[in-house]
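I have placed the structure first, in the form of structure tokens, so that the comments after it can refer back to it.
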Amino acid sequence: MLQIKQYVKAQSLDEAYELNQKKSNVIVGGMHWLKMSSRSVGTAIDLSGLGLEGIVETEEAFEIGCMTTLRMLETHEGLNIYTMNAVRDAVKDIVGIQFRNTATVGGSIFGRYGFSDVLTVFMAMDAYVVCHKAGQISIREYAKMKADRDILVKIVVKKTPVHMAYQAQRHARTDFPMLAVAVSFLDGKWNAVVGARPARAAAVVDETGLALDVTEAQAKAFGEYVAEQLTFGSNMRGSAEYRKMITPVLVKRAMLAAGKEL
Ligand SMILES: Cc1cc2nc3c(=O)[nH]c(=O)nc-3n(C[C@H](O)[C@H](O)[C@H](O)COP(=O)(O)OP(=O)(O)OC[C@H]3O[C@@H](n4cnc5c(N)ncnc54)[C@H](O)[C@@H]3O)c2cc1C
């Protein structure tokens, strides 16, 4: 069971950061993942009073505060038009609406979970995170970094023209994904991000010059290449062999969907 000795609603990011330097203290997002752990927390640091919830859309970018909920991502019109509904598709099967009403994007990205739909879809975009101390870090770099005691303040998605699609394989809706795939055609190149292998999402970029309007055979071949570049593991949801086998299928489906003109 999770035990919390003290609760502090932070008055500033500096205060939250200072409190978070103590190992026994912890930042609190929606608390869904935290509450599953059995640990003793000194101070739970609540960021909810710092105006970090919500999506600000400008001409150049979407700025997504760390306390933004998954449901806000799912229902944000501008973000979903921009991503061809890839964001909605990535989060729509995460547990249920009540859960998504409180689970935060900050907790999801900071956690860098090996099953994360959220990390997978953001890694397919031209996106970076802003941390209180470390500043801007590309989300693909952040995905590789070890969790530290910094605060993830926001995620910024630059409005670089993109074609995107999301595909996941689940035993049943609302279960954890067995495999998660986000593809994007970004800066003239196809990117495939594969998560839930089960391992942190990783990106593979096409360097052969495949065009946006790929053929089925080209999409399948790229999917096979992606599967060769990555490592897969086994858990109760599926074997490494199965995950590797379905990777080209999901990559192909996503590329054909993303390749369609709007
Ligand atoms: C039963 C269950 C099923 C799930 N299924 C899926 C699924 O199918 N797909 C999927 O992608 N995800 C799934 N998740 C994960 C979920 O979507 C969230 O990612 C997760 O709950 C973390 O978000 P949270 O707001 O609850 O964070 P919390 O539990 O509050 O925090 C998680 C971690 O992040 C840290 N943290 C939170 N915010 C910040 C911040 N701003 N800066 C620094 N550190 C921070 C916390 O200290 C903690 O270590 C599931 C979770 C649960 C509990």
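The values are calculated or read from the model by the stated rules, or taken from the named source; none is laboratory data. Just so it is clear, the model here is predicted, and its values are computed rather than measured. Using ideal geometry, Cβ is built from the backbone for each residue, glycine included, and neighbour counts are taken over all protein chains shown. The area values use the complete protein model at the heavy-atom level, side chains included, leaving out ligands, DNA and RNA. Shrake-Rupley method; radii C 1.70, N 1.55, O 1.52, S 1.80 Å.
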> Straight-line reach from residue 5: which aspartates and glutamates have Cα under 14 Å away, leaving out those fewer than 8 places along the same chain?
Replying inline: 46
> Taking the highest mean first, how do the peptides 124-130, 4-10, 226-232, 244-250 order by number of other beta carbon atoms within 10 angstrom per residue?
Replying inline: 124-130, 244-250, 226-232, 4-10
> Once the Cβ-Cβ distance between residue 234 and residue 205 is put in as r, and R0 is 22 Å, what FRET efficiency do you end up with, to the nearest 0.05?
Replying inline: 0.25
> According to a simple spin-label model (label point 7 Å from Cα along Cα-to-Cβ), what is the distance in nm between residue 213 and residue 21?
Replying inline: 5.9
> Tell me, what is the percent relative contact order of the chain, built from C-alpha pairs under 8 Å that lie six or more residues apart?
Replying inline: 15
>> How large a share of the accessible area of the chain, in percent, is made up of carbon and sulfur atoms when the probe is 1.4 Å and the other protein chains stay in place?
In response: 53
> Quick one: helix 216-229 against the long Cα principal axis of the chain, what's the angle to the nearest 10°, folded into 0 to 90?
Replying inline: 50
>> Under the rule of at least 5 residues apart or a separate chain, name every residue whose amide H is placed under 5 Å from the amide H of residue 159.
In response: 61, 62
>> Can you give me the long-range amide H partners of residue 68? Hydrogens built in the peptide plane at 1.01 Å from N, cutoff under 5 Å, separation of 5 or more residues or another chain.
In response: 54, 105, 106
> What distance in nm separates the simple spin-label points at residue 101 and residue 75, each placed 7 Å from Cα in the Cβ direction?
Replying inline: 0.9
> For the range 64-88 and the range 182-206, what is the separation of their Cα centres, given in Å?
Replying inline: 19
> Among 9/92; 35/144; 144/189; 159/244, which pairs are too far apart, with a Cα-Cα distance over 28 Å?
Replying inline: 9/92; 159/244
> Relative contact order of the range 33-139: what whole-number percent is it, with Cα pairs under 8 angstrom and at least 6 residues apart?
Replying inline: 18
>> Just the number please: accessible area per residue for the chain, 1.4 Å probe, all protein chains included, in Å².
In response: 47
> Once amide H atoms are placed 1.01 Å from N in the peptide plane, what residues at a sequence separation of 5 or more from residue 179, or on another chain, have their amide H within under 5 Å of its amide H?
Replying inline: 169
> Packing-wise, with mean Cβ within 10 Å as the measure, how do 182-188, 16-22 rank, highest first?
Replying inline: 182-188, 16-22
> Could you give the distance between the Cα centres of the range 228-251 and the range 126-173, to the whole Å?
Replying inline: 22
>> Please compute the contact order of the range 150-206 in relative form: average sequence separation of alpha-carbon pairs under 8 Å and at least six residues apart, divided by the residue count, as a percent.
In response: 25
